[in-house]
Structure formats: C-alpha cells, structure tokens
C-alpha cells in the first residue's frame, strides 16, 4: 500500500513540477558576457552555448572567441568583433579589425536583421609604393594592404577629384559603409578605423530598456515580445516564486492528505482485527469423545481358529497361498490362524503379533464380531481457543 500511495502522489503532482520548471526556464535569462570588459549580452542578443535559445531573438546570436571577445557573424560579410551594444538606441558597434578594406570591400548586411543608420562612401585606390608624395589631407595609406611595389590608399568619395588623383593610382572600388555619422569634418586614420554602427528595428525593445525594464518573450512559445520589471537582486522573480509555490505547495498538501488517509486506514484496520480477535477468543469448541483402541488380549487371540496345514496345503479359498503379513508361501505343517467372520488366513505367529497391537484384520480392517474385544476406551474432552492474530 505504501508504493500505491507514493505512485498516486507522484502521478498527481508531476504536471505541477513541469509547470514550475517551465516558469523558471521562461523567466530566468540573466545577462552574460564573454569577458570582464566585454559588453553585457541580453535580449534580443544571446551568447551561443551560454544562454538558452529563448533568451535571444532569432538571428541575434553572438559567440565568444578564444581571446574572450564578443563576435557577431554576418551571413554575407563574416565575423566582426563587437565593442559595445546600445540597447536603448538599438545599435551595435563592430570593429573593422584594424584592416578596414579587407572586409569592407565586400561588406554586405544582406541576410541579417541589421541595417546602417548612416552611410559613408569610401573609395579605395591602388597606387605605387611611393605614397609619401600624395596629398595626405585627401589620401590615407592602409599599411595592412601594402604590397612590395604598391600601396592601397583610401579617401572619402566626395573628396576625390580626378584632377588631384595621382597618375600612378587606379580606383579599386567604391563602397558604402555604415558609419557612426554621415559626414565628417576632418579626415584621419581615426575616422577610417572607427567602429561600424549597425541598428536593428525588430524586435522593438528600446522603450522597455529606457524605462529600466527587461525585454523578452511573453511565453515559452511564439515570437511575441513584452517588457517586465527587472529581477530583484535579493531573490527570484515573482512569477518564478509563484511557479515554485504552485509546483511544490499543492503537491505537498495532496501528499499530506494522502498520508493522513493512509494512517487512518491503518489504524482502522488494526482496530477491526483487534475486535475480531476478541470475538474469536470467546468461541470454545464443545468436548469430543476420542476413542483409542488397543490390541486384543492373549485369550481372545487364542480363541480364534488355528489350523495346521497338511502336505496338500489345501485351504477353503484356493487363492490363500501366501501370508499377507510376511508375504511367505504357506508350507506343510505351518500353523495358520483365521479371523472369524472375514475368514482371512495368516501365519499364526504373524497374526498373533499383529492382533496384540491392532484389533482389526490387516486386510479388511474389520473388527472380529462376536468376540470379546479387550478394548480400552478413554474419553478426553478439550477446549480449544483460536490463537489471537496479531
């Protein structure tokens, strides 16, 4: 019965346990980061292998490299180091990895959730290695692109004049880059190597972030997002606490009720058995006469007919040729004794010993009629009480 009660309780509150577990999984998505100086990562972003799938929006996955840096992978442009994330402005800043044109020449945001807020056009040129004589206020050398006999230089497209372009240079490409501002008043390597600014429109969480709330999915299924109050530093979210109370409190009460019912049934069964034992102990079995029969005495045995076989060994019953007690064939001059009424023959010495212990014929088990049986009869009366069961 113990196992039945336990199985019943477990089957009952198993759904509540799953409910509490689901509530905890939906609510608890703590911010994470790749390193001490890395930007905090929270919804709509998530760190792969560190945060659950539902902690981030689809297409906003980030990762950590071996140097502990946060990495954004754009489907058409490759990997970029994330320097900061502005959740209120919904902007993410990525580093061009100090070799700007190597990735920018083929830069594309297609296939991603991001777009550029401000774009700036750059023109890249392949010039001879003697770049020191070029006007530096218009052209900047990109040393990471230098070859043995050429130098790659960059300039803002709107500043490029065909008349000012050195004859030793040819245009490689003109690209549109998502910059932090559309225009610049000065031209230096700092401008060229500044972080790229990408923004996202959906999911829209900027108003929630501005109020100090936490943006996330409204449920554990679907893509609808909502805003919740920030988690208290002193404990779990209120919804998680409700989930724990429901998941543990209700099953606990049910099990307590089941335990009380089980104990009551045990006590009731004990009282019923105790009452039954009391009733049975009052029942007595009426006295019975028990007869014990002993063998016959010597004179009675001697009074039974005795015959000595002749040479022919002929008896009234032709089948009586063997003593039923010793199983030996009768021989001439053997002394046989007959039990009256049933007329069964035996060796005299065999049947005499038998009748001293038993008052019946060995074959038919009948007592000889008409003979004075020396039987002792004793009457014994006994009273039996049924043992009390525990």
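The values are calculated or read from the model by the stated rules, or taken from the named source; none is laboratory data. All of these numbers come straight from a predicted model, not from anything done at the bench. Cβ: placed from backbone, ideal geometry, glycine included. Neighbour counts: every protein chain shown.
Worth a mention:
- The residues of the range 342-351 that are surrounded by fewer than 18 Cβ atoms within 10 Å (Cβ to Cβ) and in a helix (DSSP H, G or I) amount to a single one, 349.
- Subset of the range 188-203 (residues that are in contact with a strand residue (DSSP E or B) (Cβ under 8 Å, 6 or more places away or on another chain) and either surrounded by 13 or more Cβ atoms within 10 Å (Cβ to Cβ) or at pLDDT 85 or above (or both)): 189, 192, 194, 195, 196, 197, 198, 199, 200, 201, 203
- Verdict on residue 72 being over 15 Å from residue 179 (Cβ atoms), at pLDDT 90 or above and assigned to a strand (DSSP E or B): yes
- Meets criteria (touching a helix residue (DSSP H, G or I) at 6+ places or on another chain (Cβ under 8 Å), within 20 Å of residue 41 (Cα to Cα), at pLDDT 85 or above and surrounded by 12 or more Cβ atoms within 10 Å (Cβ to Cβ)) for residue 214: yes
- Where strands (runs of 3 or more DSSP E) fall entirely within the range 93-148, those with at least 1 residues that are loosely packed, with under 13 Cβ neighbours inside 10 Å and either modelled with pLDDT of 75 or more or outside the structural domain of residue 58 (by TED's automatic domain parsing) (or both) are at 114-116, 118-128.
- Options 372, 367, 376, 382; residue that is more than 60 Å from the chain's Cα centre (by Cα), loosely packed, with under 11 Cβ neighbours inside 10 Å, at pLDDT below 85 and closer than 15 Å to residue 296 by Cβ: 376
- Count of the range 324-341 residues which are assigned to a loop (DSSP other than H, G, I, E, B) and over 11 Å from residue 304 (Cβ atoms): 10
- Candidates are the residues of the range 254-295 that are touching a helix residue (DSSP H, G or I) at 6+ places or on another chain (Cβ under 6 Å) and at pLDDT 85 or above; the one that is farthest from residue 347 (Cα to Cα) is 254.
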